[in-house]
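Could you have a look at this structure, given as structure tokens, before my questions?
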Amino acid sequence: MLGVSVMAINVPKEYEVPLYLFHQGKNAEAYKLFGSHFAKKDGVSGVVFRVWAPKAADVSVVGDFNHWNREESYMKKISDGGIWELFIPGLKKFDNYKYSIKTERGQIKLKADPYGYHMETRPNTASKVYDISGYNWKDSKWMDEKKTKDVYRSPMNIYEVHLNSWFTKTDEEELFSYMQLAEKLVPYVKEMGYTHIEMMPIAEFPFDGSWGYQQIGYYAPTSRFGTPSDFMEFVDYCHTHGVGVILDWVPAHFPKDAAGLYEFDGDYCYEYSDPNKREHYNWGTRVFDWGKPEVQSFLISNANYWLSEYHIDGLRVDAVASMLYLDYDRQGGAWTPNKNGGNENLEAVDFLQNLNSCLFSRHPGLLMIAEESTAWPMVTKPVDIGGLGFNFKWNMGWMNDMLSYMSMSPEYRQYNHDKLTFSFYYAFSENYILPISHDEVVYGKCSMLDKMSGPREKRFASLRTFLAYMTAHPGKKLMFMGQEFAQFKEWNYKTGLDWDILKFPEHSQYQSFVKAMNKFYLDNKPLWEIDYDWSGFSWISNDDNKNSVIVFRRIASNGDELIAVCNFLPTEHEQYSFGVPYYADYKEVFTTDDKKFGGDSDGNASYTAQCEGMHGLEYSITMKIPAMSAVFLKPVNKRSPESDKPKPKKAEKPAKTAEKKAETQAQKTAQKTAAKPGASAKKPTAKKANTANRKKNGKAKK
């Protein structure tokens with residue numbers, strides 16, 4: 001025995017270490033101990049059940065197999081820490097069950113298994129006996145490559161998906177299966193140029209309207225689309241086709257559903273007992289007690305479960321800001337300061353640091369993404385220097401500023417230029433993902449197209465410019481489904497996306513633009529290789545608020561670079577000058593104003609640098625910037641200015657005088673004469689030559 005009071009009852013030897021770690025908050029595989037598992041006892045096959053219910057007076061297992069009679073299958077308490085166990089012979093896969101818990105006050109509660117692997121489909125809430133072992137994974141290549149991949153220096157373009165409503169059948173009550181969705185979703189994601197899908201929560205939830213953020217089956221992939229094995233096949237299919245999978249994960253709160261974690265054993269078991277910490281009043285949910293070791297083990301094991309058993313590539317941790325602050329959303333001062341007098345929840349900080357330390361030690365190449373909307377420092381810094389230990393954080397400040405900027409009338413943008421530029425100044429303080437998520441296109445917030453200012457026909461140009469700016473901005477990318485074809489209506493979880501609008505040219509053109517923009521992103525290392533420090537970015541012009549134009553460089557480690565030129569006014573700049581770093585030709589390699597996307601440009605312009613410095617750079621170019629557009633330029637044919645200067649013509653030889661010509665001719669004649677056979681090699685003297693000439697001339701006169 002390990003000498004801890006929670007094991008005073010006769011604990012089986014094989015449970016000693018797992019239970020010790022569980023009660024220390026350090027068991028990352030608690031799901032292998034708790035829940036329901038096929039087993040044999042005395043040669044008889046059956047299922048063993050274990051549950052943590054420290055304040056329960058007694059616990060029994062009920063289900064179809066005993067007609068839901070709590071008197072038939074009482075569990076045995078195997079430790080003072082509140083661990084209950086029972087072996088029931090003869091049970092089979094998919095048998096329904098719950099725990100019938102008698103509280104200290106004599107109430108009877110029917111609870112789903114907190115560690116159950118499978119559950120009934122809503123509105124029913126029973127757990128199901130299920131064995132998750134034995135799936136034949138085919139993604140070894142993906143998993144091996146992930147271990148050595150540098151996620152910071154790799155492209156990441158995430159497509160956020162709500163499986164219920166991405167694509168639906170005619171009958172709203174009938175949903176596609178996991179594999180039917182995979183066979184439609186994965187090829188589409190690949191074709192559109194996304195690297196990952198991020199799924200809104202998959203763990204079982206009874207209320208569709210919560211979108212999965214109010215869960216009761218933390219270890220059970222929702223049965224709306226199939227079994228746990230079906231979900232494994234879904235992930236496997238994604239990986240074998242080169243698509244990563246990120247899950248939304250919810251460790252901040254849970255609902256008050258009767259079958260869930262809410263007052264599980266009749267007391268405050270998974271939630272805080274402190275009334276100033278216990279509730280999220282606006283969400284109508286309970287807050288996990290992260291200071292309780294058993295709750296830490298439950299949550300850390302759950303995160304590890306999805307990564308280990310389902311090969312998930314990363315977790316986007318929901319509502320981290322609500323975890324970090326004791327006064328989060330608590331109007332009227334209903335909160336208690338921490339031991340230092342501050343508003344930080346030190347228990348939540350400890351939990352998040354323990355969580356990330358544990359997961360990164362087990363899963364190389366992991367993505368741990370914080371949805372954190374405040375200025376909390378060092379969210380993506382290592383735990384050993386005081387950080388929270390995530391490796392990415394959603395840039396909510398960028399998102400809020402840019403959506404505000406794009407929705408205002410163009411004439412006001414010159415007075416709000418900082419909304420356009422401010423995010424660049426803190427872009428490397430954390431490892432950021434730029435998100436346009438489901439939260440921005442629901443509940444009256446409008447679709448992305450409808451957020452753009454101006455008449456409808458002009459909004460497509462604005463949306464193209466926004467996406468190109470987002471692509472060029474340092475940070476990985478995330479876009480919610482439907483925005484890639486400019487869905488006009490805001491998202492409604494009850495219905496599918498409006499795929500029918502692709503029959504309209506402006507929407508199909510926009511979808512083609514997004515596909516081309518995503519491919520351009522993936523093909524160009526300057527846009528993603530150095531997202532984490534200033535060596536990958538340099539301003540050229542950031543202060544032209546009057547024209548709402550910004551110009552900047554993105555640079556790869558090998559020196560390749562692109563220049564992004566963004567014009568956020570519906571006004572063309574015919575002759576716009578700015579500095580450039582090299583004497584070179586600047587070739588237009590992508591423009592949002594291309595005719596094939598609905599613009600007016602041919603997309604093949606080229607500009608040669610001039611030897612006139614601007615913006616602190618030695619050279620400059622003057623170009624045409626289309627109205628409401630973003631243009632990417634690539635420097636090619638770098639050279640020195642001298643190489644373009646006209647070369648001087650060769651000087652002509654001076655003309656020969658007549659006397660010189662005569663002398664030269666005489667020499668040639670003498671040489672020819674001397675070369676004749678029998679001729680004297682001795683040249684005649686000048687005097688003899690003149691005498692001969694006079695005699696010849698005299699004879700000619702006679």
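Relative contact order for region 516-575: what is it in percent, counting Cα pairs under 8 Å that are at least 6 residues apart?
With pairs under 8 Å counted, the relative contact order is 28 percent.
Do any GluC sites (Glu not before Pro) in region 83-156 lie in a DSSP loop with no more than 14 other beta carbon atoms within 10 Å, and if so, which?
Loop-located and lightly packed - 104.
Another question, then. If R0 is 30 Å, what FRET efficiency do you get for residue 45 and residue 145 from their C-beta distance, rounded to 0.05?
With R0 = 30 Å, the Cβ-Cβ based efficiency is 0.15.
What angle, in degrees between 0 and 90 and rounded to the nearest 10, separates the Cα long axis of helix 658-675 from the longest principal axis of the Cα atoms of the chain?
That works out to roughly 80 degrees.
Taking the chain as the reference, fit the longest principal axis to its C-alpha atoms, fit the long axis of helix 293-309 to the helix C-alpha atoms, and give the angle between the two in degrees, 0 to 90, nearest 10.
It is inclined by approximately 50 degrees.
On a 0 to 90 degree scale, rounded to 10, what angle separates helix 228-240 from the longest Cα axis of the chain?
Its long axis makes an angle of about 10 degrees.
Which of the chymotrypsin sites (Phe, Trp or Tyr not before Pro) found in region 174-209 are loop residues per DSSP with 16 or fewer other Cβ atoms within 10 Å of their Cβ?
Passing sites in region 174-209 are 207.
Among 241, 23, what is the fewest-to-most ranking by other Cβ atoms within 10 Å?
241, 23
Now, a different point. When the dipole is taken about the Cα centre of region 5-128, and only Lys, Arg (+1) and Asp, Glu (-1) are charged at their Cβ, what size is it in debye, to the nearest 20?
Result for region 5-128 is approximately 220 debye, rounded to the nearest 20.
For 380, 608, 592, 148, which order do you get if you count the other beta carbons within 10 Å of each Cβ and list the fewest first?
148, 608, 380, 592
Could you give the size of the charge dipole of the chain about its Cα centre, using +1 on the Cβ of each K and R and -1 on the Cβ of each D and E, expressed in debye and rounded to the nearest 20?
8160
Right, another one. Fewest first, what order do 49, 34 take by the number of other Cβ atoms within 10 Å?
Going from least to most buried by this count: 34, 49.
Over region 237-359, what is the relative contact order in percent, taking alpha-carbon pairs closer than 8 angstrom and at least six residues apart?
26
Another question about this same structure. When the gyration tensor of region 5-128 is built from Cα positions, what are the square roots of 5 times its three eigenvalues, in whole Å, from largest to smallest?
Over the Cα atoms of region 5-128, the ellipsoid semi-axes are 22, 17, 15 Å.
In nm, to one decimal, how far is the residue 610 label point from the residue 557 one, both placed 7 Å along Cα→Cβ?
The modelled label-to-label distance comes out at 3.9 nm.
Something else now. Taking every alpha carbon pair in the chain, what does the distance histogram look like in 10 angstrom bins from 0, in percent?
Histogram of Cα-Cα distances, whole percents per bin: 3, 13, 20, 20, 14, 9, 5, 3, 2, 2, 2, 2, 2, 1, 1, 0, 0.
Between the DSSP loop rule and a limit of at most 13 other Cβ atoms within 10 Å, which trypsin sites (Lys or Arg not before Pro) in region 68-142 are left?
Loop-located and lightly packed - 92, 93, 105, 138.
With a Förster radius of 45 Å, plug the Cβ-Cβ distance of residue 208 and residue 411 into 1/(1 + (r/R0)^6) and report the FRET value to the nearest 0.05.
0.55
Just how far, in whole angstrom, is region 456-484 from region 129-202 if you go by their alpha carbon centroids?
23
Summing -39500 (n - 2.57) over the DSSP H runs of n ≥ 4 in the chain and dividing by its residue number, what mean residue ellipticity at 222 nm do you reach, to the nearest 500 deg cm²/dmol?
That calculation yields -8000 deg cm²/dmol at 222 nm.
Same structure, new question: Measuring from centroid to centroid over Cα atoms, what is the spacing of region 278-334 and region 214-255 in Å?
18
Same structure, new question: So how far, in whole Å, is the C-alpha centre of region 72-128 from the one of region 380-414?
44
Give me the percent relative contact order of the chain, please, defined on Cα pairs under 8 angstrom at least 6 residues apart.
Relative contact order comes out at 9 percent.
OK, next. Could you give the nm distance between label points at residue 639 and residue 281, where each point is 7 Å from its Cα heading toward the beta carbon?
In this crude label model, residue 639 to residue 281 measures out at 7.2 nm.
Quick note: the coordinates plus some simple rules give every number you see, no bench work behind them. Every value quoted in this text rests on a predicted model; they were computed, and no experiment measured them. Glycine also receives a Cβ, built like all others from the backbone with ideal geometry; neighbour counts cover every protein chain displayed.
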